[in-house]
């Protein structure tokens, strides 16, 4: 009997008491296309088109004030999250993006670097962001408090959104999968179809969540310039 519903997300693979679950984070490197082949594969062309599309979109969001090469950071973040989300859908592969340890490690350094750069180089612009344009003078102190709080919780919302979406789908798949042995043949066929549909939905969520994380990070960085 399962003592804890969330125990399926606990690191469990170990050799000589050394946990190897977090090595799944680096499995994405093995399936990334080789860009330096003499004749690239179709997957390489597809991946290159995806990266170029993301680069153009991030460049549009950053505007002319964005530094050269900034989009590379967000494209890499997108790729890392996407590969980890997809790998977590395979059986017996640890989903690192379902843990706040992983998601906060991505969100916090990005947010802290944005804040340090913004307050050191564009101090007046950062102060102006605390009070939206057209705010009545009476409401200005309250707006400063609200904007400050919303700014501080940004890395938390980024991290929790990604982890919660990964956990929710995996929990559904686990719960439905555990009911399989006790089902009859007719219900089992319905259960398998439901699992396949959920797996397709989770594949879409894996793409959407990595895209949302990268887009929001880009928007947060565009506000400091």
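The values are calculated or read from the model by the stated rules, or taken from the named source; none is laboratory data. Because the structure is predicted, anything quoted here is derived from the model rather than measured. Please note: Cβ atoms are built from the backbone with ideal geometry, for glycine as well, and neighbour counts cover all protein chains shown.
Of all residues in the range 116-142, those that are touching a residue at least 40 places away in the same chain (Cβ under 8 Å) and in contact with a helix residue (DSSP H, G or I) (Cβ under 8 Å, 6 or more places away or on another chain) total 4.
The set of residues in the range 65-95 being within 22 Å of residue 196 (Cα to Cα) and either buried (at least 20 other Cβ atoms within 10 Å of the Cβ) or in contact with a helix residue (DSSP H, G or I) (Cβ under 7 Å, 6 or more places away or on another chain) (or both) consists of 82, 83, 84, 85, 86, 87, 88, 89, 93, 94, 95. Within the range 110-136, the set of residues being surrounded by fewer than 11 Cβ atoms within 10 Å (Cβ to Cβ) and at pLDDT below 80 comprises 133, 134.
Does residue 62 satisfy being more than 18 Å from the chain's Cα centre (by Cα), at pLDDT 70 or above, within 27 Å of residue 114 (Cβ to Cβ) and surrounded by 13 or more Cβ atoms within 10 Å (Cβ to Cβ)? When the stated conditions are applied, residue 62 passes them. Among all positions in the range 17-34, there is no residue which is modelled with pLDDT of 80 or more, assigned to a helix (DSSP H, G or I) and surrounded by fewer than 12 Cβ atoms within 10 Å (Cβ to Cβ). If the condition is being under 23 Å from residue 47 (Cβ atoms) and in a helix (DSSP H, G or I), then the range 83-109 contributes 83, 84, 85, 86, 87, 96, 97, 102, 106.
Residue 120 meets each of the listed conditions (1) at positive phi; (2) part of a helix (DSSP H, G or I) apart from (1).
Restricting attention to the range 143-182, the residues that are touching a residue at least 60 places away in the same chain (Cβ under 8 Å), within 16 Å of the chain's Cα centre (by Cα) and loosely packed, with under 15 Cβ neighbours inside 10 Å total 0.
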